[in-house]
Amino acid sequence: MQPGERVGILLLNTGTTAAPRTKETREYLREFLSDPRVIDIAPWARWLLVNLIILPFRPRKSAEAYAAIWTERGSPLLAISLDQREGLKQRFPDAEIEVGMGYGKPSIKEALQKLVDKRVDRIIVAPLFPQYASASSGAVMEAAYRAAAERWNVPPISALPAFYDDPGFLDAWATVAVPPLAEFKPDHVLFSYHGLPERQVRKSDPTGHHCLATPNCCDTPVPANRNCYRAQCFATTRALVQRLGLAEGAYTVSFQSRLGRDPWLQPATDQVVTELPTRGAKRLAVLCPAFITDCLETLEEIGLRARESFIEAGGEEFRLVPCLNDNPVWLDALANLLRKL
């Protein structure tokens with residue numbers, strides 16, 4: 001950022017239903033799942049899958065899940081995102097800051113229009129996903145670029161890249177995680193990342209021969225896995241394990257939120273939480289470092305369903321470590337990332 005320039009900052013996230021009801025959730029899911037970056041199959045097959053298989057049944061169940069975590073302020077994802085915006089305003093009093101969601105409201109197009117109306121000199125788009133995936137970072141960045149391209153005067157845009165290995169991001173996670181881990185004293189820690197179909201991971205490999213070709217393909221950064229979501233997840237884990245002082249064997253990495261029958265990244269979180277008690281884990285703490293903001297996937301999928309599965313399988317105590325949310329240490333780290341753009 002240069003002195004005197006009017007900068008617009010657009011915080012990007014996936015989105016949320018407008019209300020924890022079937023109708024609103026169906027509208028949200030239709031928009032979300034119709035994105036070819038999210039379900040990357042032939043258009044006709046995606047239409048059939050979404051409209052004939054998913055939407056007749058999933059919205060009611062998803063609405064119930066949202067209802068279980070809904071707050072007086074509405075969706076936790078949106079409420080916390082607005083808190084993040086206010087926190088950043090304190091750090092950038094001369095910048096204009098908006099929140100845009102890839103699906104649902106407030107839309108990325110609407111948020112970008114607000115920044116343009118305020119006559120900013122340029123716009124920084126900040127996808128709040130530490131690890132890059134076409135279905136998350138790629139999707140919201142495409143939406144931002146598309147919205148900008150519709151204008152006669154296309155505004156200059158800079159984009160925040162993946163920050164999975166940024167020291168400030170990692171230190172913020174340690175700041176958030178150390179107190180609950182010290183108080184809870186888990187005998188095992190699970191790092192649960194959002195899952196992806198294996199085909200999407202392979203598509204990120206420009207060589208077509210490295211990603212998922214061998215068991216240790218993610219152990220060493222090489223040009224072939226530079227944009228590999230799985231490799232970035234493991235890099236984040238290695239750095240957090242070091243900061244949290246976890247011993248080998250005291251933690252596991254897994255991937256959540258599977259959809260459909262295609263092969264997804266393994267091991268699956270819902271399977272791991274039922275297996276851990278049989279391996280002696282009775283006190284389980286879970287971190288979700290693919291998420292900056294607590295949302296349906298952390299609060300309901302992990303905080304409620306995974307907890308229930310773990311206890312039913314013989315576990316005794318379960319603790320979900322909160323995401324970074326609007327923690328001041330994280331907002332300081334994010335501000336430092338944005339200042340570089």
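Looking across ARG6, ARG30, ARG46, ARG21, one residue alone is among the basic types (Lys, Arg) and either within 29 Å of ALA335 (Cα to Cα) or in contact (Cβ under 8 Å) with a residue 60 or more places away in the chain (or both). It is ARG6.
Conditions tested, residue by residue: (1) open to solvent by less than 30 Å² (accessible area, probe 1.4 Å); (2) assigned to a loop (DSSP other than H, G, I, E, B); (3) under 27 Å from ALA79 (Cα atoms).
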{"site": "GLU5", "(1), (2), (3)": "no, yes, no"}
{"site": "ILE9", "(1), (2), (3)": "yes, no, yes"}
{"site": "ALA19", "(1), (2), (3)": "yes, yes, yes"}
{"site": "ASP35", "(1), (2), (3)": "yes, yes, yes"}
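Criterion applied to THR220, THR214, THR237, THR278 was being over 16 Å from the mean Cα position of the chain (by Cα) and at pLDDT 95 or above, and the one residue passing it is THR278. Looking only at segment 308-341, filter to residues that are touching a helix residue (DSSP H, G or I) at 6+ places or on another chain (Cβ under 7 Å) and among the β-branched types (Val, Ile, Thr); which one of those is farthest from PRO289 (Cα to Cα)? Within segment 308-341, the match that is farthest from PRO289 (Cα to Cα) is VAL329.
The values are calculated or read from the model by the stated rules, or taken from the named source; none is laboratory data. Source: prediction; values computed, not measured. Methodologically, a virtual Cβ is constructed for each residue, glycine included, from the backbone with ideal geometry; neighbour enumeration extends over all protein chains shown. Protein only, heavy atoms only, side chains kept; ligands, DNA and RNA dropped before computing areas. Shrake-Rupley method; radii C 1.70, N 1.55, O 1.52, S 1.80 Å.
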